[in-house]
Structures are given as C-alpha cells and as structure tokens.
Amino acid sequence: MKKRTLSLLLTLITLFAASNVFAVSEAGVLFLLISPGARAAGMGNAFVSVADDATASFWNPAGLAFQTGREVTFMHAKWLPQLVDDMSYEFFAYKQYVENLGGTLGGNITFLNLGEQVYTRDSPEPLDTFTSWDLAVTLNYATKLTDNFGIGVGMRYIRSNLAPMGAGEEKGKGIGNAFAVDLGVLYHFGFVKGLRFGANLSNMGPKITYVDADQADPLPTNLRVGFGYDVINSEFNKITVLVETNKLLVVRHADEKPQPFYQAIFTSWGDESLSEQAEKLISSIGLEYVYSNMIFIRTGYYYDEEGKVKYPTFGAGLQYSSFRFDFGYVAAEQGHPLSDTMRFSLTAAF
C-alpha cells in the first residue's frame, strides 16, 4: 500500500477539489460532490432530471416519488488512479415504496477511503501511520403532489476522519461531524411528452468543525438543475438527451469567516459579475440509448471552465431480468488525475 505524509493527504484533498469540483476549494467534505452511479457517470454526470433508480437518493430525491417497488444499487470505483493506488469510492443505495406513507423511502451510504498515511513533524522521520476516510449516511422521503410533480427531502449524517491528531501545534484531532438536508423537485411537462425538469439543493447544514469553531468549514451546498427529453420512446428503442448545470452556493472571502449556508444560498448569486458567475458553473450534457430495455449505450461531456476540467465520458449497461450492470468511463486527457477513472455498479430490483 502506498504511504503518504499528512501534508500530502491535504494536497490530495485540494487536488480533488480542483479536479472534480472547483479550481479553489471553498468548502469542506468535498467528497459529498462525488457523483455516484456508473450509469450517470457514462452520461457526463447529468442525471437530476432522470433520477429513476435508487441513486435518486443522491441526484434528486424527488425522483423517488415516481418509483415503486424495491431496488438496491452498489457501486465501486478506484479514485484518482493516476496518482495513488489505495484510494477508493464506495456507494450503496436503497429505495422502497411504502403505501401507508403515500410515497417512497430511500437512502444511501457513501464511503471514500483515502488510504494509509504517515505522520511526520519537523523531520521526515515517520512517527505514526493512520487511515483516513469520509463517510455519509442519507435517508430520503419523496411523494407526488400531482401526477406530474414530485418533491423529495433528504437528511444526511457526515463524518470526516482525516487524522487522529491536529496539524502542527494544533490541539484536537482532524475528525469532524456534521448534518445536512437536501431538497429536490421533479416535474414532467404534460404538454410536451417526455420532457422533464429536475432540481436538487443539497448539503444544506451548519459548518463542519475539526479543531475549533473559528476554523470551521462550510458544507458544499450545491444547486443542481437540468432538463431531460426522450427524443424517441418506442417499444424497442429509447433515446434520452440531458442537459444539466451546477452551482456551489458557498461564500468565503479572504480573511473572513464563511457565511452560514442560509445566507450563502442567496448572497452567492450577487457577490461577482455575471461573467464570473458563469465561469463557476459546471455543466454536463448526456445521451442514453436503450434497446429493448436490455442494452444501454451512453455518452456525455463534462465542462468546468474555472477548474479547467473538460472531458468526454462513455458508458454501457446490460439488463437481465431484475439485474442491471453498468459501467462508466472518464476519458480525461493523459496525465489528468481523473484519467482512466472507471465506475462499476450493480442494480437489483425485487
């Protein structure tokens, strides 16, 4: 197993923020923004307006409102394979329709293994080793207000276990706990068959504290909106086109404490010019072709101007009886930390 110092761990976390989310990290526990599900990964991480399986508990809890039955999804991915060999991302989701509640319950468990670290102080001599990881557990409920309009809510517990000690002379530990809430909506347009709009406001909650309240970090409150349209939806062929954009709703100016999430949700829209705001948006387009509800072919494109992250994605899936196997691949340029990142997921309905 590849060992790293605590300082290198922090560098990797910053690099993750730059590679997968934003050029400059403004929030903590950024693993909450890692997109689960190999199906969505193959479509450029555009899924908020679909959200028609158990992974809706992440993408848009309102998607659960249009689902019945029971389903479970597992996903595994080696994380940043171009940099390290002992980081991995695991995701588990479950959903079940409950008639007595008039809606669907769902939930997920997310685990990011950051590998084994070596702790050093003033000299390069190792003093100790430890394992770092991040964990989130989410519970969702969704229901339909009308035949075409669904809403969903999620409650999340977060634990970040970066280090059993502080950095440098700091007292305390690099361990933090937090709680967050998600709100989602999904609307099927009745006047245009196959057209949908989805939105998810996620990770709303108090800051996460590792050492003391003065150094607390805001959660990555994020707004995800998108449209989906079934261009073809016949007995044997279905083609769906997706467009989606994300905005981080965090305000953290230099030498100032970050604003509480309930303020930043509003003030983050006016603290910069429109052109600067547009550069911070992360957009995706995706396409899925389904043959006979058995064979799935997917592609997409992920575009992050500020983070300088732009890459195509590809994916495929195979449905057999109640089981579906999905594969997603990131085709980032050679040498990019996300290059050759592969996601595998298995979904079972019962």
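In table form, for the structure just shown:
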item: Rg(Cα)/(2.2 N^0.38 Å) for region 270-350, N = residue count; result: 1.42
item: Phi-based couplings in Hz for region 230-247 (Karplus 6.51, -1.76, 1.60; Gly and Pro marked x); result: 7, 5, 10, 8, 10, 4, 10, 10, 9, 10, 10, 10, 10, 9, 7, 9, 10, 9
item: Globularity index of region 207-287, i.e. its alpha-carbon radius of gyration over 2.2 N^0.38 Å; result: 1.56
item: Eligible lysines near Lys173 by straight Cα distance, threshold 29 Å, same-chain separation 8 or greater; result: Lys2, Lys3, Lys78, Lys207, Lys257
item: FRET efficiency for Phe197 and Arg159, using Cβ-Cβ distance with R0 set to 30 Å, rounded to 0.05; result: 0.35
item: Simple Cβ-charge dipole of region 4-349, Lys/Arg +1 and Asp/Glu -1, about Cα centre, in debye nearest 20; result: 940 debye
item: Geometric extent, Cα atoms of the chain - Rg, Dmax (angstrom); result: 20.2, 68
item: Estimated FRET transfer efficiency (Ala331, Ile232; beta-carbon r; R0 30 Å; 0.05); result: 0.70
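Coordinate-derived values only; no laboratory data. Just so we're clear, the structure is a prediction, and the values are computed from it rather than from any experiment. A quick note on method: Cβ atoms are made from the backbone with ideal geometry, for glycine too, and the neighbour counts reach across all protein chains shown.
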